[in-house]
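First comes the structure, then the notes that go with it.
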Amino acid sequence: MIPFKFPVINPLLHNELRLKIMVTLDSLESADFVYLCRITDSTRGNVSVQIKTLQEAGYLEVSKTGLGRLSHTVCCITNKGHEALRAYELGLRRLFAEGVTAQEEEQKEII
């Protein structure tokens, strides 16, 4: 009997705030930092850390203009980010659609 294998779920995107940021940017050409804080209902510090994590993964491009408190940060999702988000969505859909039961039923039919 082949054991059930869960689909791989990207741990970077499985964080609630990172997922909210990615989903927001997936539907927009770009969004600024203040908008991302507001739409995710998160603090500046939390959003800043998650944007940096997503940028380091290559999922976001970040551009800054100005200095210090007068700076303006704009984020946009990269092709790699779009692909990662689609794969994450498909993995979750597969998990819910197939689940352990479906694969166990297949194994019973083989035996």
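The values are calculated or read from the model by the stated rules, or taken from the named source; none is laboratory data. Remember, it's a predicted structure, so these values are computed and weren't measured experimentally. So basically every Cβ, Gly included, is an ideal-geometry build from the backbone, and we count neighbours across all protein chains shown. Side chains included, ligands, DNA and RNA excluded: accessible areas come from the protein's heavy atoms. Shrake-Rupley method; radii C 1.70, N 1.55, O 1.52, S 1.80 Å.
Residues in region 62-84 that are crowded, with 16+ Cβ neighbours inside 10 Å and under 17 Å from Val23 (Cβ atoms): Cys75, Ile77, Thr78, Gly81, Ala84. Contact annotation: residue pairs with Cβ atoms under 8 Å, 6 or more positions apart or on different chains, pairing a residue in region 74-99 that is on the phi < 0 side of the Ramachandran plot with a partner that is modelled with pLDDT under 95 and of a type in the set (D, E, K, R), are Val74/Lys64; Cys76/Glu29.
Do the conditions hold for Val8, that is, is it open to solvent by 80 Å² or more (accessible area, probe 1.4 Å), at pLDDT 95 or above and hydrophobic (A, V, I, L, M, F, W, C)? Criteria not met by Val8. The lone criterion from (1) at pLDDT below 95; (2) within 15 Å of the chain's Cα centre (by Cα); (3) open to solvent by less than 70 Å² (accessible area, probe 1.4 Å) left unmet by Val47 is number (1). Among the numbered conditions (1) surrounded by fewer than 16 Cβ atoms within 10 Å (Cβ to Cβ); (2) at pLDDT 95 or above; (3) outside any helix (DSSP H, G or I); (4) not polar (S, T, N, Q), the only one that Glu29 does not meet is (2). Please verify whether Ser42 is out of contact with any strand residue (DSSP E or B) (no Cβ under 8 Å at 6 or more places or on another chain) and at pLDDT 95 or above, treating the condition exactly as stated. So Ser42 fits the description; yes.
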